[in-house]
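Step one of this worksheet: look at the structure below.
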Amino acid sequence: MATYTLVPGADGRAWFWHRLVPELQARGHRVITLDLPAEPDAGLDAFADAICAAVVGGTGRPERADPLVLVAQSLAGFSVPVACERLPVPVSELVLLNAMVPAPGETAGQWWENTGQAQARSAYAEATGRGVAPEFDLREDFFHDVPPEVTQEALSVGGSAPPAALFEQPWPLPRWPDVPTRFLQGREDRFFPLEFQRRVVRERLGLEVEEIPGGHLAALSRPRELADHLVRRAAGSA
């Protein structure tokens with residue numbers, strides 16, 4: 001049994017995980033979700049503090065001593081490692097999910113050009129028969145494999161863009177945290193294509209990605225399969 005703290009990406013809402021939460025709970029695990037700060041001046045420090053507060057609550061310590069697993073979706077790849085360094089309890093595992101991997105001193109705004117994301121996205125669109133990728137399209141890039149009713153709910157609820165400050169603050173850590181790390185990457189991710197992520201993760205973390213079914217929003221499109229991949233390591237180490 002483990003405690004999974006699920007941190008959303010640019011959407012910033014705990015809602016993002018609503019299909020995954022019951023899958024993890026059905027497998028006997030505890031789950032923590034949170035809404036991320038929405039204030040315009042909220043940067044990495046505010047995000048990391050919010051993650052830590054969700055984990056430890058008002059007592060300054062987790063409610064239980066289960067192994068603690070932090071899961072970072074997409075943009076949360078910048079903030080969750082910072083939280084790992086600030087938590088008063090050890091993190092058993094950090095799982096990056098279709099995530100951005102920062103380099104020391106790099107801002108989230110610089111990451112796109114530094115990694116060549118735009119070129120990789122366009123090349124993947126051509127390779128899969130979709131032609132040269134146009135400007136970012138929420139439905140085509142993110143929701144292409146999400147059930148229509150879930151897509152409708154997501155878009156009807158709406159949401160705000162992540163704070164501008166989050167893209168301006170340099171990543172403050174001198175190196176990756178000393179935490180066992182896994183990287184799960186969707187095979188059909190149109191936004192961060194699989195081969196692009198293989199290269200970036202290998203170069204920056206020295207890790208190989210674990211392929212999972214689904215696109216960029218696997219928690220919405222393939223929650224059962226995602227839960228299976230998440231708990232595999234926890235079950236193996238129990």
Worksheet item: Any idea which residue in region 150-170 is farthest from Gly109 (Cα to Cα), counting only those that are part of a loop (DSSP other than H, G, I, E, B), touching a Ser or Thr at 6+ places or on another chain (Cβ under 7 Å) and not polar (S, T, N, Q)?
Response: Pro170
Worksheet item: Can you pull out the strands (runs of 3 or more DSSP E) entirely within region 1-86 that have at least 1 residues that are more than 12 Å from the chain's Cα centre (by Cα) and among the charged types (D, E, K, R)?
Response: 30-33
Worksheet, complete the sentence: Within region 132-149, restricting to residues that are aromatic (Phe, Trp, Tyr) and either buried (at least 18 other Cβ atoms within 10 Å of the Cβ) or not in a loop (DSSP other than H, G, I, E, B) (or both), the one that is nearest to the chain's Cα centre (by Cα) is Phe142
Worksheet item: Is it fair to say Trp112 is over 23 Å from Glu225 (Cβ atoms) and surrounded by fewer than 17 Cβ atoms within 10 Å (Cβ to Cβ)?
Response: yes
Worksheet item: So Glu168 clears everything in (1) farther than 29 Å from Ala26 by Cα; (2) modelled with pLDDT under 95 except one condition, right? Which one?
Response: (2)
Item to complete: Being assigned to a helix (DSSP H, G or I) and either in contact (Cβ under 8 Å) with a residue 40 or more places away in the chain or under 16 Å from the mean Cα position of the chain (by Cα) (or both) is the filter here, so list the residues in region 199-224 that pass it.
Response: Val200, Val201, Arg204, Leu205, Ala218, Ala219, Leu220, Ser221, Pro223, Arg224
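Table: residues versus (1) surrounded by 12 or more Cβ atoms within 10 Å (Cβ to Cβ); (2) of a type in the set (D, E, K, R).
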position: Gly116; (1), (2): yes, no
position: Ser122; (1), (2): yes, no
position: Pro174; (1), (2): no, no
position: Glu188; (1), (2): yes, yes
Worksheet item: free of Cβ contacts under 8 Å to residues at least 24 places away in the same chain and part of a loop (DSSP other than H, G, I, E, B): does that describe Gly129?
Response: yes
Worksheet entry | Checking Asp66 against (1) in contact with a strand residue (DSSP E or B) (Cβ under 9 Å, 6 or more places away or on another chain); (2) surrounded by 16 or more Cβ atoms within 10 Å (Cβ to Cβ); (3) acidic (Asp, Glu), the condition it does not meet | (2)
Worksheet item: Out of the residues in region 209-219 that are out of contact with any Asp or Glu (no Cβ under 9 Å at 6 or more places or on another chain) and aliphatic (A, V, I, L, M), which is surrounded by the fewest Cβ atoms within 10 Å (Cβ to Cβ)?
Response: Val209
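A quick yes/no check of all residues on (1) surrounded by fewer than 16 Cβ atoms within 10 Å (Cβ to Cβ); (2) within 18 Å of Leu230 (Cβ to Cβ); (3) of a type in the set (A, V, I, L, M); (4) modelled with pLDDT of 95 or more:
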| site | (1), (2), (3), (4) |
| --- | --- |
| Tyr4 | no, yes, no, yes |
| Asp11 | no, no, no, no |
| Trp15 | no, no, no, yes |
| Arg19 | no, yes, no, yes |
| Ala42 | no, no, yes, yes |
| Ala76 | no, yes, yes, yes |
| Val82 | no, no, yes, yes |
| Glu85 | yes, no, no, yes |
Discussion item. For a quick check of your reading of the model, give me the residue pairs whose first member lies in region 110-122 and is of a type outside the set (Phe, Trp, Tyr), whose second is at pLDDT below 95 and surrounded by fewer than 13 Cβ atoms within 10 Å (Cβ to Cβ), with beta-carbon atoms closer than 8 Å and at least 6 apart or on different chains.
Written reply: Ser122/Val132
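The values are calculated or read from the model by the stated rules, or taken from the named source; none is laboratory data. Everything quoted here is computed from the prediction, not taken from an experiment. For neighbour counting, all protein chains shown are included, and Cβ atoms are generated from backbone atoms with ideal geometry for every residue, glycine included.
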